[in-house]
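See structure below.
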Amino acid sequence: MNWEKVRDFWIEEADEALSVAGHLFDKEDFSYSLFFGHLAVEKLLKAIYVTRKREQAPYIHHLKRLAEDAGLSLTSEQADELLRISSFNLESRYPDEKRTFRKKCTYEYTKAELEKIRTIYQWLKSIL
């Protein structure tokens, strides 16, 4: 298998997901903006995983576990960030009956969280 090609696939997918997150934010679709932010980070982690392991990335969405499985050493702050970003995946896909997460996703909240996602994203890109 050509692992560089697989890595490049995941990087391209990650870049597209981050772009979509920005578009959704601009359209004020805040919860799904954060969902796509999660996808961007997940896909970059999968690029790192295949680069380091030379095997297909696991079919998981838990970012901290994926980072650890890829062999990344995380600070406690990075681990917490990945856990929080992982929650955007679940809360966007499976909202509670009160739609609590969607109500939480104000302009200010989403803007701040997207900035944190972009910071993590740049850190992961620097690893590649």
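The values are calculated or read from the model by the stated rules, or taken from the named source; none is laboratory data. Owing to the predicted nature of the structure, the values given are computational and were not obtained by experimental measurement. Please note that ligands, DNA and RNA were not included when accessible areas were found on the heavy atoms of the full protein model with its side chains. Shrake-Rupley method; radii C 1.70, N 1.55, O 1.52, S 1.80 Å.
What to note about this one:
- Taken one residue at a time, the phi angles of region 37-43 give Karplus couplings (6.51, -1.76, 1.60, θ = phi - 60°) of x, 4, 4, 4, 5, 4, 5 Hz. Gly and Pro are set to x.
- Potential lengthening of the chain between L90 and E16 amounts to 24.6 nm, from the contour at 0.36 nm per residue minus the alpha-carbon distance.
- Mean Cα-pair separation over length for region 36-83, i.e. relative contact order, pairs under 8 Å, 6 or more apart, %: 35 percent
- For the set S76, S33, S19, solvent exposure ranked by accessible area (probe 1.4 Å, protein chains only) runs largest to smallest as S76, S19, S33.
- Taken per residue, the accessible surface of the chain reaches 56 Å², heavy atoms only and a 1.4 Å probe.
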